[in-house]
Amino acid sequence: MSQSLNPNPTYDVIILGASGFTGKYVIREALKFLNVPSSPLKNLAIAGRNTSKLSQALQWASRPNPPPEIPILTANTTDPSSLRDLASQTKIILNCVGPFRLYGEPVVEACADSGCDYLDISGEPEFMERMEVKYHDKAVENGSLVVSACGFDSIPAELGLMFNSRQWLPPAVPNSVEAYLSLESDKRIVGNLGTYESAVLGVANVDKLQELRRSRPKRPRPVIPGPPPKGPLMNHLKEVGVWAVKLPSADAIVVRRTLSCLAENPHGLPGVNESAEQVERREAFWSSIKPAHFGVKIASKCLLGVVRFIIIGLFIGLFGKTGLGRWLLLKFPSLFSLGWFRKKGPTEDEVASATFKMWFVGHGFSDGSLASQGNRKPDTEIITRVMGPEVGYLTTPIILVQCALILLKERNNLPKGGVFPPGIVFGPTDLQNRLQHNGISFDVISKKTI
């Protein structure tokens, strides 16, 4: 392991915030890989403010088996010394304590200071970019790899774009890829309350994000063949039978950060101690990835479903700008989300019955040289799809745990340290294959001339 300040940690992984809605599902997912012969996860601990609730979460996650003897540690995001103590005892902290713009920074700081690796499930752009500004240099110096958005936000978008990109075989090149996200269920769809809170706080912090970006040097932009696409706010995607509206999500922002990193590092990020064979694999992978304009839309099989998305977006956009409005939104989530989010979260049956589909519709040129010929329009379309179980409580823990297992197994092949988006770190690893073995599929749907 590369942690220079933490040579012999007691634990491989500590799950922080393990008694929360998502945290207990993360425990359940991690237990599947604890002390399994092929797994690098040999020592696990859980941490949070309330040991009684943590114990209950462990019992729930272990069902129908009795709970294993896993250390339960006390830590609080308002107590920096407790977080430093955690970070000094483990190789990786999996942070499930959100909203991250309120509670995430002390955990990142403790990890960056101690050389402990950090993964979280944040989908909050302002938090992620602020952590990069404040802690990147310290994390590089101390060998701490800090990666946010290691859940449904934003790994399916990152890997889904890369999967679509790899279908464009030379001389073909993509110009744009639009992701269409459809949430489906036999029962009622109930969203993750943390996602709703993050959206509300995101509106409140949009000015801070713009100010943060203005204060930073401009980063290189990827070179994308052809002009940026001009599409409607709402459209009907006949190929898969859905209506969709543009979604101002973290996914597009995280993808752009990865593409910007790639523009700075065309061969990807070198590992701390990688072999010549691994260098060759990494460079070959990134040479197959072609940047494209990327956006996300939320989709529904019926037009009425899209109207519902628009109404919820208007509520959050209008009310999220004032203190009173935010109080109302957070006090009555079920009312303002038209029943989509509620304080007590979904039932286990509602979680088990939900799924997601994410179509990636790529438009580009059959030959890259065509892109430079005036106002030439794309002549090729490639549609791929990522599909999996419920997004907040099933897909997110699957992804987070697989990212942690990769860190444990392949740490020498990954960057020494720094604050990065997930795509640039995990793109060249076997994360896609791991997800496919754990219920998240990647498929090519169609390739055609348009």
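General remarks:
- Region 118-223 holds helices (runs of 4 or more DSSP H) entirely within its bounds, and those carrying 3 or more residues that are open to solvent by 30 Å² or more (accessible area, probe 1.4 Å) and at pLDDT 90 or above map to 125-142.
- Residue selected from region 259-296 under the condition of a type in the set (Lys, Arg) and open to solvent by less than 60 Å² (accessible area, probe 1.4 Å), by the criterion nearest to residue 176 (Cα to Cα): 290
- The lone criterion from (1) over 22 Å from the mean Cα position of the chain (by Cα); (2) within 21 Å of residue 259 (Cα to Cα); (3) among the hydroxyl-bearing types (Ser, Thr, Tyr) left unmet by residue 114 is number (2).
- Region 297-310 - residue that is crowded, with 19+ Cβ neighbours inside 10 Å and of a type in the set (A, V, I, L, M, F, W, C) and, of those, farthest from residue 249 (Cα to Cα): 306
- Hits in region 91-117 (condition: within 14 Å of residue 419 (Cα to Cα), assigned to a loop (DSSP other than H, G, I, E, B) and in contact (Cβ under 8 Å) with a residue 60 or more places away in the chain): 115, 116
- Taken over region 23-65, the residue count meeting the criterion of being part of a helix (DSSP H, G or I) and over 17 Å from residue 77 (Cα atoms) is 17.
- Selection within region 326-371 - closer than 30 Å to residue 223 by Cα, over 23 Å from the mean Cα position of the chain (by Cα) and not hydrophobic (A, V, I, L, M, F, W, C): 363, 364, 366, 367, 368, 369
- Residue within region 27-48 that is touching a helix residue (DSSP H, G or I) at 6+ places or on another chain (Cβ under 7 Å), under 21 Å from residue 104 (Cα atoms) and among the charged types (D, E, K, R) present: no
- Of all residues in region 311-344 being of a type in the set (A, V, I, L, M, F, W, C) and under 13 Å from residue 193 (Cβ atoms), the one that is most open to solvent (accessible area, probe 1.4 Å): 332
- In region 94-117, the count of residues that are modelled with pLDDT of 95 or more and in contact with a Cys (Cβ under 6 Å, 6 or more places away or on another chain) is zero.
- Residue among 28, 49 that is open to solvent by 60 Å² or more (accessible area, probe 1.4 Å), under 17 Å from residue 14 (Cβ atoms) and in contact with a strand residue (DSSP E or B) (Cβ under 9 Å, 6 or more places away or on another chain): 49
- First in region 121-132 and among the aromatic types (Phe, Trp, Tyr), second anywhere and not in a helix (DSSP H, G or I), Cβ under 6 Å, 6 or more apart: 127/104
Every residue, every condition in (1) β-branched (Val, Ile, Thr); (2) on the phi > 0 side of the Ramachandran plot; (3) crowded, with 20+ Cβ neighbours inside 10 Å, yes or no:
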position	(1), (2), (3)
10	yes, no, no
38	no, no, no
53	no, no, no
61	no, no, yes
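- Some residue of region 415-438 being open to solvent by 10 Å² or more (accessible area, probe 1.4 Å), of a type in the set (Val, Ile, Thr) and farther than 24 Å from residue 129 by Cα: no
- Selected residue (only one of 400, 431 is closer than 21 Å to residue 287 by Cα and in contact with a helix residue (DSSP H, G or I) (Cβ under 8 Å, 6 or more places away or on another chain)): 431
- Every pair of residues 6+ apart whose Cβ atoms lie under 7 Å, when the first sits in region 189-201 and is in contact (Cβ under 8 Å) with a residue 24 or more places away in the chain while the second is among the aliphatic types (A, V, I, L, M): 189/183; 189/354; 197/330; 199/316; 200/316; 200/329; 200/330
- From the options 385, 376, 342, residue that is farther than 24 Å from residue 281 by Cα and in contact with an Asp or Glu (Cβ under 7 Å, 6 or more places away or on another chain): 385
- Taken as a whole, region 167-176 holds at least one residue that is touching a residue at least 40 places away in the same chain (Cβ under 8 Å) and within 27 Å of residue 126 (Cα to Cα).
The values are calculated or read from the model by the stated rules, or taken from the named source; none is laboratory data. Since we're looking at a predicted model, the values are computed, not measured. Quick reminder, even Gly has a Cβ in these numbers, built from the backbone with ideal geometry, and neighbours come from all protein chains shown. Areas reflect the complete protein model, heavy atoms only, side chains present, ligands, DNA and RNA absent. Shrake-Rupley method; radii C 1.70, N 1.55, O 1.52, S 1.80 Å.
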